[in-house]
Amino acid sequence: MAVLVEKLITADILKPARYLGNERLAVHKPWDSATIRWVLTYPEVYEVGASNLGHIILYNILNAQPGQLCDRSYLPGTDLAAKLRHTHTPLFAVESKRWLTEFDILGFNLSYELGATNILEMLDLAQIPLTSQERSQGNYPLIFAGGQTATSNPEPYADFFDFFALGDGEELLPEIGVVLAEGKKAGLSRQELLLKLAQNPGVYVPQFYQMVEGGAVSPLRPEVPKRILRRVATPIPAYSIGLVPFVETVHDRLTIEIRRGCTRGCRFCQPGMLTRPARDVEPEKVVEAIEAGMRATGYNEFSLLSLSCSDYLSLPAVGMEIKNRLKNENISLTLPSQRVDRFDENIANILGGTRQGSLTFAPEAGTQRMRDIINKGLTNEELLRGVKTAWEKGWNKIKLYFMIGLPGETDVDVLGIVETVSWLQQECWEKGRKLLNFNLTISNFTPKPHTPFQWHSVSTSEFKRKQNLLRQEFRSLRGVKVNFTDVRISAMEDFIGRGDRSLGKVLHQAWKLGAGMDSWYDNVDQAFTAWSDAISQAGLDWKYRLVENGEWNLFNTKETKDKLDQNSPLDIPLPWDHIDTGIDKKWLQEDLKRALEAAIVPDCSFEGCSHCGVCGSDFGHNVVIKALPIPTFIGDFIPNTTKAQRLRVWFGKQGDMALVSHLDLMRLFDRVIRRAGLPIAFSGGFHPNPRIVIASALSLGNTSSGEIVDFELTQPMDVETFRTQLVSQMPVDLPIYNVAEIDLKSPAATQCLEKAEYLLTVSTPHREGDKAEWPSWIEAIKAKEEIWSEHTTKSGKQQLINLRDRLFEIKLVATQELETETKAELTYVGSCRPDGVILRPEQILLMLETVANAEFHLLHIHRNRLILAETAEVSYLYCSQSV
């Protein structure tokens with residue numbers, strides 16, 4: 001029987017704060033105020049999904065629509081998933097805690113070829129049939145997918161989704177919401193509603209199309225378009241501000257998009273082909289969004305996002321402007337992988353701060369010939385200039401991305417990767433300075449739909465040979481760490497990514513066999529076996545072997561150019577030809593010819609049009625904003641270590657906040673102080689931290705009304721003003737009880753901590769007369785002088801400790817006799833010293849078991865107060881009176 005969701009989110013699962021749904025800037029719209037209720041269902045764990053920029057933008061946009069409500073759901077951890085299945089409780093949305101079956105529409109992010117198994121897992125946990133055909137009989141939410149993989153080739157996943165949203169969702173999803181609202185009002189059936197959606201540009205409804213010979217797709221009804229248009233929207237930075245999670249996420253920072261789309265024309269790059277045209281965001285709007293976002297979130301780091309940040313011409317100006325404006329707040333800027341040819345002193349100057357982050361470049365190939373074939377547009381001189389600039393600006397370690405298996409590649413090109421890295425180290429050498437280190441990721445080229453290289457393949461045996469060749473050559477290089485992608489993952493990505501609708505049964509069976517997306521990282525052998533068995537059971541071994549063996553390779557025959565004539569294999573219809581990305585298929589073929597000749601196509605954002613077919617009324621045109629003047633640099637952040645005032649705060653930890661860990665609480669206080677604009681002092685050193693010290697860590701799941709935290713400020717503040725500003729930014733379940741000024745010469749609360757008082761709720765299985773026994777058990781504990789317990793030290797040694805020495809007071813508060821158990825509430829005061837001499841609540845159970853010879857269970861722990869040494873208490877009383 002299903003149970004209340006709240007009863008499943010407990011301290012015994014990993015990171016329960018993932019599922020609370022009460023993050024800062026989360027939107028809680030009244031259920032009854034909405035006509036259409038959405039859930040953005042992200043098929044990865046919370047730490048990945050909650051920090052995904054697209055997830056945040058669409059969540060904000062949908063909640064801004066009148067009559068629309070948007071909640072969120074994430075792939076639960078294995079522990080919570082087991083609880084859901086054991087109790088037959090459906091998967092829920094994190095904010096409302098309502099089951100996913102109660103909503104009108106669920107939208108999944110599908111941005112990775114092997115990610116669909118996680119989607120099937122979430123649907124199964126939600127107790128929703130997996131296929132659109134099964135859902136047609138019943139009152140289920142509409143299930144759709146968006147994202148890069150959904151847009152490039154939705155066919156392998158067609159069985160599982162009612163429709164796909166292709167391209168940018170900022171305008172498309174609100175349009176879908178209007179269609180759903182009108183359909184609900186008109187009483188349309190599920191089929192009628194889907195037919196209406198299919199006529200909206202950007203919506204692909206697979207059931208109205210059929211797979212024909214060769215895997216291509218054709219429409220079944222005249223009302224639906226033969227080709228479905230990819231949608232294009234203008235980025236709006238203001239919608240990027242939102243969701244400040246309590247737990248640390250993968251991208252634990254504010255992220256603002258500065259440019260969408262890339263026109264560099266790298267021939268292997270699917271995102272570059274699927275996001276055209278390039279659209280710059282106005283620099284003023286970027287700056288406004290960053291400044292407003294940092295104030296609203298309290299983050300200490302922000303990132304500027306684009307497929308190629310360096311192509312945003314105002315990047316140095318925007319970065320320097322923000323660095324100057326937030327100079328005194330210890331803020332750092334990070335950038336994703338960037339164009340090494342555009343990396344110069346101006347960009348180097350805006351990166352990092354006191355925390356200089358990592359730097360990533362992607363040369364992709366080791367020789368000039370290969371970089372020309374893939375249209376990378378990067379010369380050896382530009383590569384050296386960018387790396388050398390970084391080295392001269394203080395970077396001692398740089399990440400580099402390369403690929404092997406690219407069309408036309410020879411062993412000379414493969415070994416060119418080693419030669420390039422060695423050459424860069426030699427050129428960036430100086431006596432007395434540490435050797436420049438490189439962290440290399442060498443991935444296997446995987447052909448992607450809608451790219452000039454979509455017709456190319458490489459066998460897994462060839463990948464393995466090239467990897468071994470590189471391993472052998474890199475052995476002689478110092479200061480280089482090399483990571484290779486498993487060839488089996490690459491082959492499976494290719495098999496699914498360029499597959500047709502017949503692969504739905506493979507995905508379904510792979511999920512049944514346990515091939516979740518995370519399984520590739522947990523146990524690659526087990527994951528590969530699951531996928532291989534699924535392919536075999538679907539009778540598609542022959543098809544997978546074509547991928548494993550490399551199918552065919554245009555660059556290996558003398559008749560290469562003849563193959564590109566009319567009626568060549570390149571004209572065979574493909575499973576994704578019905579997706580109109582704006583790029584003409586003939587242009588892709590012509591660009592493949594140019595690749596054979598190692599001919600470069602210039603970037604049409606800055607040079608002439610390449611005639612790819614995108615620019616026009618359907619997709620718009622490139623928007624390139626001229627570079628702004630770079631503001632004068634006013635200096636790096638210098639940590640203000642002045643300690644002008646110490647304020648001690650007594651606070652509680654109640655309700656949901658009991659499920660926020662101590663480390664997450666520390667991060668929360670840092671962000672609260674930033675949002676409140678309080679003049680916090682910093683520690684010195686290379687990594688200055690705010691002077692915020694919590695007296696004692698409270699175990700996960702425990703509540704409290706007596707926690708203490710010390711703040712040291714750079715300038716004196718009125719205590720009541722400080723309290724008001726602090727409370728305005730604190731979650732309601734972290735109430736502030738008192739604030740007092742403490743003498744700066746007094747020890748910090750964590751140093752003078754002496755005792756702690758707890759209120760425990762304890763139960764014991766019901767036995768006749770137990771209720772009457774409780775007072776005698778408490779008295780028996782008091783009467784004992786020794787109660788010994790074995791303790792394991794941090795070094796692993798066994799040690800006997802006398803628990804009774806650590807117990808100062810214990811008192812029975814109340815008892816209650818129930819049918820199956822007897823409950824009791826008791827308080828105790830025990831040792832809680834900074835040197836580790838602590839009496840833990842769990843050890844009270846051991847004392848009870850010693851004197852009562854019975855079994856006890858700890859139901860709840862509440863810390864009433866922390867007791868400081870007498871000198872600290874006197875200081876507090878004096879300061880409290882002065883307040």
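The values are calculated or read from the model by the stated rules, or taken from the named source; none is laboratory data. Remember, it's a predicted structure, so these values are computed and weren't measured experimentally. Heads up, the Cβs are rebuilt from the backbone with ideal geometry, glycines too, and the neighbour counts pull from every protein chain shown. Side chains included, ligands, DNA and RNA excluded: accessible areas come from the protein's heavy atoms. Shrake-Rupley method; radii C 1.70, N 1.55, O 1.52, S 1.80 Å.
Some observations on this one:
- Charge tally in the Cβ shell below 11 Å around Leu698, where Lys, Arg are +1 and Asp, Glu are -1, Leu698 excluded: +1
- Computed from the C-beta positions of His621 and Asp835, the FRET efficiency with R₀ = 45 Å rounds to 0.05.
- Heavy-atom surface of the chain, accessible at 1.4 Å and reported per residue (Å²): 42 Å²
- Ordering of 632-638, 4-10 by packing is 4-10, 632-638, highest average first (other Cβ atoms within 10 Å, averaged per residue).
- Over the range 395-514, relative contact order from alpha-carbon pairs under 8 Å, at least 6 apart, %: 31 percent
- Between amide H atoms placed 1.01 Å from N, distances below 5 Å from Glu257 occur with Leu305, all of them 5 or more places distant or on a separate chain.
- Mean separation of Cα pairs under 8 Å and 6 or more residues apart, divided by the residue count, gives the chain a relative contact order of 11 percent.
- With R₀ set to 41 Å, the beta-carbon distance separating Arg865 from Val27 gives a calculated FRET efficiency near 0.70.
- Peptides ranked, highest mean first, by Cβ atoms within 10 Å: ranges 575-587, 142-154: 142-154, 575-587
- Three-way shape call for the range 447-486 based on the alpha-carbon gyration tensor, with the a/c threshold at 1.5: prolate
- Among residues other than Gly54 with Cβ under 12 Å from its Cβ, the summed charge is -2 (Lys and Arg +1, Asp and Glu -1).
- One chain, two ends: Glu427 and Ile638. Fully extended at 0.36 nm per residue, the span grows by 72.7 nm beyond their Cα-Cα distance.
- With 0.36 nm allotted per residue and the present C-alpha distance subtracted, the Ser789-Lys593 stretch has 62.8 nm of extension available.
- Shape class for the chain, computed from the alpha carbon gyration tensor (a ≥ b ≥ c): prolate, with a/c not under 1.5 and a/b above b/c.
- Cα shape, the range 592-692, gyration tensor, a/c 1.5 rule: prolate
- Among 420-432, 396-408, the peptide with the highest mean count of other Cβ atoms within 10 Å heads the list, and the full ranking is 396-408, 420-432.
- Cβ-placed point charges (K, R +1; D, E -1), dipole of the chain about Cα centre in debye, nearest 20: 1340 debye
- Net charge dipole, the range 1-129: roughly 260 debye, given to the nearest 20, about the Cα centre with Cβ charges of +1 for Lys and Arg and -1 for Asp and Glu.
- Net length gained if the chain between Lys434 and Asp533 were fully extended (0.36 nm per residue, minus Cα distance): 30.7 nm
- Averaging Cα coordinates gives a centre for the range 739-766 and one for the range 673-718; these two points are 16 Å apart.
- HN-Hα J in Hz across the range 267-274 - Karplus 6.51, -1.76, 1.60, θ = phi - 60°, x for Gly and Pro: 6, 9, 8, 5, x, x, 7, 8
- Rounded to whole Hz, the Karplus (6.51, -1.76, 1.60) HN-Hα couplings of the range 177-183, x for glycine and proline: x, 5, 4, 5, 5, 5, x
- Accessible surface of the chain, 1.4 Å probe, proportion on carbon and sulfur as whole %: 50 percent
- Cα centroid separation, the range 625-659 to the range 216-264: 31 Å.
- In this structure, Arg465 and Asp541 have a Cβ-Cβ separation that, at R0 = 25 Å, corresponds to a calculated FRET efficiency of about 0.60.
- Counted charge near Gly504, where neighbours are those whose Cβ lies closer than 9 Å (Asp, Glu -1; Lys, Arg +1): 0
- Given +1 at the Cβ of Lys and Arg, -1 at the Cβ of Asp and Glu and no other charges, the dipole of the range 161-285 around its Cα centre is 420 debye to the nearest 20.
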